[in-house]
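Visitor: Could you have a look at this structure, given as structure tokens, before my questions?
The values are calculated or read from the model by the stated rules, or taken from the named source; none is laboratory data. On a predicted model such as this, the values are computed, not experimentally measured, just so you know. In this analysis, Cβ positions are derived from the backbone assuming ideal geometry, glycine residues included, and neighbour counts consider all displayed protein chains.
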Amino acid sequence: MSYGLTFPRWRAAAGADWAAYTRHAFVAGLADGSLPRAAFLHYLVQDYLFLRHFARAWALAVTKAETMAEMRFCAATVQALIHEEMPLHLGLCAEAGLPEAVLEAAEERPETLAYTRYVLDAGHAGDLADLLAALAPCVLGYGEIGARLHAQGGATPYADWIATYGGAAYQALCAEVGALIDAAVALRLGPLPEDNPRWPRLSQRFATATRLEAGFWDMGLRP
């Protein structure tokens, strides 16, 4: 999956960090069903806490937008996160025996704190390109993982999770986010962004967020 022009360049620049994230042992356990249920439930709780900050980050993106197209997309993403994805997450957790009260009372693990605050700091300290570079590993990494695991098929108790991120709706979202990133980077760095002095910093933001994603999986394996 390419998801535009900028993403594959950032992914290539991240090198081994990208493989450590997208082919993590947690991901392998989702694919073959060997992931312990306790680890998955622990991940679901922390992922709910992550999503709250993720929505805040996209709300911050609205304030960083320079065009109405950027503003509309980011505002729509906040709306979708709060009113669609998070209720679906709550439903999945409820089916697993985790009511909303448990999620709300949960304490953020250090890995969750580190990742979410890094993304928000990238947005506060920089512009929309900085923020999107920090957001991209989550949005597009899950798309890449979901597409690969969905194509592999096979029986696993985590088939619903795989279907969510490997399905047509999420893959279409990834394509739209990839296009948003391309347009935002071109607007701020010009038609040849890799020649712009800002390019290394954006690539580094992407790589740092990628390492924090791998750390989030590490945390998931330690319920």
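Visitor: Within the stretch 70-102, can you find the residues that are among the aliphatic types (A, V, I, L, M) and more than 24 Å from residue 209 (Cα to Cα)? Please lay out each step first, then the result.
Guide: Pass one, the stretch 70-102, residues among the aliphatic types (A, V, I, L, M): 71, 75-76, 78, 80-82, 86, 88, 90, 92, 94, 96, 98, 101-102.
Those that are among the aliphatic types (A, V, I, L, M) and more than 24 Å from residue 209 (Cα to Cα): 88, 90, 92, 94, 96, 98, 101, 102.
Visitor: Select from the stretch 12-39 the residues that are in contact (Cβ under 8 Å) with a residue 40 or more places away in the chain and among the charged types (D, E, K, R) and write down the one among them that is surrounded by the fewest Cβ atoms within 10 Å (Cβ to Cβ).
Guide: 37
Visitor: Same structure, new question: Right, residue 205: more than 18 Å from residue 56 (Cβ to Cβ), assigned to a helix (DSSP H, G or I), within 16 Å of the chain's Cα centre (by Cα) and charged (D, E, K, R) or not?
Guide: Working: more than 18 Å from residue 56 (Cβ to Cβ): no; assigned to a helix (DSSP H, G or I): yes; within 16 Å of the chain's Cα centre (by Cα): yes; charged (D, E, K, R): yes.
So residue 205 fails the test.
Visitor: For residues that are farther than 20 Å from residue 173 by Cα and among the aromatic types (Phe, Trp, Tyr), scanning just the stretch 1-55, find the one that is farthest from the chain's Cα centre (by Cα).
Guide: Once the filter is applied, the top-ranked residue is 40.
Visitor: On to the next question. Of (1) more than 19 Å from residue 47 (Cα to Cα); (2) among the small types (Gly, Ala, Ser); (3) crowded, with 16+ Cβ neighbours inside 10 Å, residue 59 satisfies all except one. Which?
Guide: Among (1) more than 19 Å from residue 47 (Cα to Cα); (2) among the small types (Gly, Ala, Ser); (3) crowded, with 16+ Cβ neighbours inside 10 Å, the lone unmet condition for residue 59 is (1).
Visitor: To continue, here is another question. Whether any residue in the stretch 67-90 is of a type in the set (S, T, N, Q) and over 17 Å from residue 176 (Cα atoms) is what I want to check.
Guide: No - not one qualifying residue is present in the stretch 67-90.
Visitor: For residues that are touching a residue at least 60 places away in the same chain (Cβ under 8 Å) and under 20 Å from residue 89 (Cβ atoms), scanning just the stretch 165-196, find the one that is surrounded by the most Cβ atoms within 10 Å (Cβ to Cβ).
Guide: For the stretch 165-196, the residue satisfying everything is 174.
Visitor: Looking only at residues that are in contact (Cβ under 8 Å) with a residue 12 or more places away in the chain and not in a helix (DSSP H, G or I) in the stretch 138-164, which one is nearest to residue 197 (Cα to Cα)?
Guide: Here the answer is 158.
Visitor: Determine if the stretch 17-36 includes at least one residue that is touching a Cys at 6+ places or on another chain (Cβ under 6 Å) and either assigned to a helix (DSSP H, G or I) or modelled with pLDDT of 95 or more (or both).
Guide: no
Visitor: Find all pairs meeting these conditions: Cβ atoms under 9 angstrom apart; at least six residues apart or on different chains; first residue within the stretch 80-100 and assigned to a helix (DSSP H, G or I); second residue of a type in the set (Asp, Glu).
Guide: 89/47; 90/100; 92/160; 93/100; 94/100
Visitor: Which one of the conditions (1) closer than 21 Å to residue 3 by Cα; (2) surrounded by fewer than 21 Cβ atoms within 10 Å (Cβ to Cβ); (3) not hydroxyl-bearing (Ser, Thr, Tyr) does residue 143 fail to meet, given that it meets all the rest?
Guide: Of everything listed in (1) closer than 21 Å to residue 3 by Cα; (2) surrounded by fewer than 21 Cβ atoms within 10 Å (Cβ to Cβ); (3) not hydroxyl-bearing (Ser, Thr, Tyr), residue 143 misses just condition (2).
Visitor: Anything in the stretch 189-215 that is touching a Cys at 6+ places or on another chain (Cβ under 7 Å) and over 17 Å from residue 117 (Cβ atoms)? List them, or say none.
Guide: Passing the criteria: none in range.
Visitor: Turning to a different aspect of this structure: Taking into account only those residues within the stretch 109-137 that are charged (D, E, K, R) and outside any helix (DSSP H, G or I), which is surrounded by the most Cβ atoms within 10 Å (Cβ to Cβ)?
Guide: 109
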